[in-house]
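Presented below is the structure to which this report refers.
The values are calculated or read from the model by the stated rules, or taken from the named source; none is laboratory data. Because the structure is a prediction, the values reported are computed rather than measured. Using ideal geometry, Cβ is built from the backbone for each residue, glycine included, and neighbour counts are taken over all protein chains shown. Quick note on the areas: whole protein, heavy atoms, side chains included, nothing else; ligands and nucleic acids left out. Shrake-Rupley method; radii C 1.70, N 1.55, O 1.52, S 1.80 Å.
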Amino acid sequence: MKNIVIESLVLSQKTAILEDDKLVELLIEDNTNEKIVSNIYRGVVKNVKPGIEAGFVDIGLDKLAYLPLGKNKDIKSGQDIMVQVNKEGIGSKGAKLNLEISIAGRYLVYIPSNDRSTMSNKITDEKERFRLKKIINAINKEGLGIIVRTEAQGCTLEELKCDLEYLKAKYEVICKEFKLGMGPKLLYKDLDFASKYVKDNVNEYTNQIVVNNEEKYSELKNILKEINKEYVNKLILEKNKDVFDLYKVQGQIEKSINKKVWLKSGGYLIIDKTEAMTVIDVNTGKYTGSIKLEETVYKTNLEAAKEIARQLKLRDIGGIIIIDFIDMHKKEYKKELLKILSDELKKDKRKSEVLGLTRLGLVEVARRREKSSIDTYFLGDCPTCKEHSYLKSINSIIDDIEKEVMRISEHTSYKSISIELNNEVYKEINQKWKNILNTISKKYDIIIKSTGRDSISYEKINIIFNT
């Protein structure tokens, strides 16, 4: 059974997916950087550059957004256009836009400007593809642009029809909003990671959806009502509680950002990230077994392959991954190992591919990178050497501060506390994050004073209760 645990804090929102109480995926949203990908706007074209076939569009953000024109040569400066963000702005560059609007439902994606029906490549069963195609032809008499999502497998005609009607109605509302008023305007805001995950994945195998925030509880309640009213009973509110501690998630997160990962057999993995790639080393460790060496190595490698696939998904590691399995001589063992690794990676929604063995016997894997891996949120740069390390990040320390304040609010009557921090941490929080501490203070109605001391270790938080 699956549990979904959503921790809403001032600085972040984290969604933990647990299967049989084991953490399999963690989605992190940094609340200081608002996500705009998939949002739909009414934009005003400010500048058209025919030479680079691009336009620059004001959608109400600090920077003008970039719109590749392609065949749309008739777009002029001053024109109002409906656009969708398909890439966040980075540094001095504005967001990247798209004129082809797409709206995702639970089972379908509706593309109003298109007239083709296509299907997810991940639906591989030919009978199921034929069945779904037949249903889409029956419900899509208007010849609308539709993509059948992987989640549609096993759906009935009624479920797909309801999803399509819902998407059409949503697009009509967007079009009406486009016609109202003047200038840049947000027409549609996409769901955050937590709500999107629940919308796409909740089913009869979901046991509980736990939240610690009242607003998120109300939002999810409405989403669940649209899917299946009975699913509302799966939703649990643990208001202002440390749900990651309560549901044993925090300890598993800490293990997931460690360099060393132990296997059940006594073997272990060493996971090292560099700027260019991620390197994973497999070791037999304590595992000797009661069988000969070649069999011991083979069994360790098979266990490692399954754990590596899990770790790539859990840590959200993308790009090139090089795996140094323990050396084996039998060709059939090597072939089976690559097959097991490939099969395990197919369970991941993110596109992954086993590229094979290098000349040195290393296994090369490519996994599509869509966002930063989870350790970029939890781990920071060493204040001494200024390089990425296994020290907690400032983000993570601030989350820890909020959790301490949360516990004080729940279990005591204190209304004022002092927090002692390492001097380096104190300086950074005081210079860049003081507004976050003030928000935490208001949220729990507790006055927070902070001081710095050199004698305190970098990750330590000392709480002093003020009387």
task = Taking LYS225 as the residue in question, decide whether it is in a helix (DSSP H, G or I) and crowded, with 16+ Cβ neighbours inside 10 Å.
result = no
When every residue in the stretch 268-288 that is farther than 26 Å from ALA16 by Cα and of a type in the set (D, E, K, R) is compared, the one surrounded by the fewest Cβ atoms within 10 Å (Cβ to Cβ) is GLU275
Considering residues that are free of Cβ contacts under 8 Å to residues at least 60 places away in the same chain, part of a strand (DSSP E or B) and of a type outside the set (A, V, I, L, M, F, W, C), the number found within the stretch 25-48 is 2
Here the residues within the stretch 208-230 that are farther than 19 Å from LEU191 by Cα and over 22 Å from the mean Cα position of the chain (by Cα) are LYS229, GLU230
Subset of the stretch 305-342, residues closer than 11 Å to VAL282 by Cβ, in a loop (DSSP other than H, G, I, E, B) and of a type in the set (Val, Ile, Thr), comes to ILE326
Residue pairs within 7 Å by beta carbon, gap of at least six or interchain, first lying in the stretch 253-267 and open to solvent by 20 Å² or more (accessible area, probe 1.4 Å), second in a loop (DSSP other than H, G, I, E, B) and of a type in the set (Phe, Trp, Tyr), listed first then second, are SER265/TYR287
Among residues of the stretch 343-387 being at pLDDT below 85 and part of a strand (DSSP E or B), the residue nearest to ASN33 (Cα to Cα) is GLY380
Of the listed residues (ILE340, ILE317, ILE323), the one being over 30 Å from GLU151 (Cβ atoms), at pLDDT 90 or above, touching a helix residue (DSSP H, G or I) at 6+ places or on another chain (Cβ under 8 Å) and among the β-branched types (Val, Ile, Thr) is ILE323
Expected output for the stretch 1-24 (first residue under 24 Å from ASN438 (Cα atoms), partner of a type in the set (Lys, Arg) and assigned to a strand (DSSP E or B), Cβ below 8 Å, 6+ apart or cross-chain) is ILE6/LYS14; GLU7/LYS14
For TYR66, the lone unmet condition from (1) more than 25 Å from SER372 (Cβ to Cβ); (2) of a type in the set (Ser, Thr, Tyr); (3) not in a loop (DSSP other than H, G, I, E, B) is (1)
Within the stretch 176-189, can one find any residue that is at pLDDT below 95, closer than 15 Å to ARG106 by Cα, within 26 Å of the chain's Cα centre (by Cα) and of a type outside the set (A, V, I, L, M)?
no
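Per-residue answers, yes or no, for (1) part of a strand (DSSP E or B); (2) modelled with pLDDT under 95; (3) under 18 Å from GLU29 (Cα atoms):
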residue	(1), (2), (3)
VAL210	yes, no, yes
LYS216	no, no, yes
GLU219	no, no, yes
ASN233	no, no, no
ILE253	no, yes, yes
ASN258	no, yes, no
VAL261	yes, yes, no
LYS264	no, yes, no
Only one of LYS73, LYS63 is free of Cβ contacts under 8 Å to residues at least 40 places away in the same chain, over 30 Å from THR376 (Cβ atoms) and open to solvent by 60 Å² or more (accessible area, probe 1.4 Å), namely LYS73
When restricted to LEU191, LEU246, LEU235, LEU186, the only residue crowded, with 18+ Cβ neighbours inside 10 Å and either under 17 Å from ASN3 (Cα atoms) or not β-branched (Val, Ile, Thr) (or both) is LEU235
By residue number, the members of the stretch 434-459 that are within 28 Å of the chain's Cα centre (by Cα), farther than 17 Å from ILE408 by Cβ and without any contact (Cβ under 8 Å) to a residue 60 or more places away in the chain are LYS434, ASN435
